[in-house]
Amino acid sequence: MTAPMLGPDDPRYLAVVDKRFNKRFRASPDYVRLVSSTEEVVSAVQDAVTENRRLVVTSGGHCLEGFVSDPDVRVIIDISPMKRVYYDAEMRAVAVEAGATVGETCRALFDAWGTVIPLGEYPAIGVGGHVVGGAFGFLCRQLGLATDYLFGVEVVTVNGDGRATVVVATCEPADPNREFWWAHTGGGGGNFGIVTRYWFRTPRAPGSDPARLLPRAPESITTFKAEWNWSDIDEPSFLRLLRNHGTWCEKNVGADFPNASLFALLEAHRKQFGKIVVRGVSTAGPDADRQWNDHLSALSDGVKGPSGHEVARMSWLEFALNPLPDLFAGPPGGVSAKVKDALLRKRLSDRQIRVTYDYLTRTDYDVMGGMLGFATYGGRINTVAPDATASAQRDAILDIACNVGWLDPNEEAKNLNWVRAFYRDLFADTGGVPAPGDAYDGAFINHPDADLADPALNLSGVPWYTLYYKNNYPRLQRIKAQYDPRDVFRHPLSIRAAVLNRSS
């Protein structure tokens, strides 16, 4: 089975090439392939390898870096037509094809069985690259990472002879490809092959009823939003607000704590924006209001309280298909962006909060779209051993990100300079990056940042791969060498294969 080769004159080619979350990058491949089955993926990969054309895969198109939109890429294989979600009786697991989006998967699971997988925050993300990078979302504190529910994976790989083939790997101890399964529990997209299908079930779930193999969907979702006006915030109150927020996260990190059912996001925007915003998503039902009021009370201790309170209650599916609409709203045509991620084991220090205040209020940078975002982490995520999956960061309380976005291409340099300087100064004590240690736990590979591999921007002496994979990296290197010996699947932050002793 073969999918047609679509050249630049075909409107379907343009639809794939323009499917970019980050408009900073643009691809110009020789052709694209829209594939509808695993067999078509095998054929498309084989053609590209035979033609000696560099290939990449896309599904939702939400890579933050230019790994797909790379001018060196000659073939893009788009798996978004592969969207089936069904129960696989032989695997005794729910199968999700890798072209399905987060929203499509949530709808299928809910409609068929009333279940969930704790997938990401934005419904248009493709699960193909999302799950293999670990995948956290609104339910992560309560349920863990999506990858913690991964039972098996189907991947199109290329062997040492240049032949495209299909590998199925599961978590079963007797599976000869079990290490390959493990690599897909946080090893990052674009490293080993093209994922075509995932199988999910809760570890050690008994029976064969698909309605009982995954967590039940929440009975309801309550969302909250409140805002502080920057006009009411000076440096001492900003220091107090962020200190309060970090302290709350430190005290509420446990999986068995009542507030594990609350996911919160604090958005400290540039002062030009006018607002500091806090949002919450709770599955606590009747207790959600108390939970949120306690959270706001903790944040506002010693600070003038926020205004503009908004509360909404809805079904899980209604929320999953359109979560926090104004958070994800963007202008027509999209934006260019740079996101610099870090995982924290402790709250920001007072020095770091003062750095944050400086970068959000200083006037020598005219950067409207800059912010520092704080997403609550921990909970059930931190109950898994660091080497049980490839997702090694299992002791964090927060995922934070220095973000900046712009519309005018001429404004790229000043925006990049601002966000890079901000991040560097935040982590000045560890060489400008969140080197794993007492306070930090590296970075999250689903939020890739090519700067971490730049020795001019990473002065820590800690390589980028340790920031993302910690002690799991050598194991990932061995798996890479076995399953992608020709390095067909690569990008600026891809895993480098270990040199194997073939006689051993």
*Can you list the lysines whose alpha carbon sits under 27 Å from that of residue 251, skipping same-chain ones fewer than 8 residues off?*
225, 275, 304, 340, 346, 470
*asked:* Using the Cα centre of the chain as origin and beta-carbon charges of +1 (Lys, Arg) and -1 (Asp, Glu), tell me which of 481, 153, 355 is placed farthest towards the positive end of the dipole.
replied: 481
*Restricting the count to DSSP beta bridges whose residues both fall in the chain, what percent are antiparallel, rounded to a multiple of 5?*
90
*In whole Å, what is the distance between the alpha-carbon centres of segment 349-408 and segment 133-207?*
27
*Size of the dipole of the chain about the Cα centre, Lys and Arg at +1 and Asp and Glu at -1 on the beta carbon, nothing else charged, in debye to 20?*
560
_Sites matching trypsin sites (Lys or Arg not before Pro) across segment 352-414 that sit in DSSP coil, with at most 16 neighbouring C-beta atoms within 10 Å_ = 362
*Note the listed values (1) 1.12; (2) 1.21; (3) 0.95, then indicate which one is Cα Rg over 2.2 N^0.38 Å calculated from this particular structure.*
(3)
_Using the basic label-point model (7 angstrom from Cα toward the beta carbon), what is the residue 232 to residue 205 distance in nanometres?_
4.4
*Between 295, 268, 334, whose Cα lies farthest towards the positive end of the dipole of segment 245-379 when Lys and Arg beta carbons carry +1 and Asp and Glu beta carbons carry -1, centred on the Cα centre?*
268
_If you roll a 1.4 angstrom probe over the protein chains with everything in place, what fraction of the accessible area of the chain belongs to carbon and sulfur, to the nearest %?_
51
*Please list, or write none, the lysines whose alpha carbon is within less than 16 Å of the alpha carbon of residue 23, excluding same-chain residues fewer than 8 places away.*
338
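The values are calculated or read from the model by the stated rules, or taken from the named source; none is laboratory data. Computed from a predicted model, the values in this text were never measured in an experiment. Using ideal geometry, Cβ is built from the backbone for each residue, glycine included, and neighbour counts are taken over all protein chains shown. Areas reflect the complete protein model, heavy atoms only, side chains present, ligands, DNA and RNA absent. Shrake-Rupley method; radii C 1.70, N 1.55, O 1.52, S 1.80 Å.
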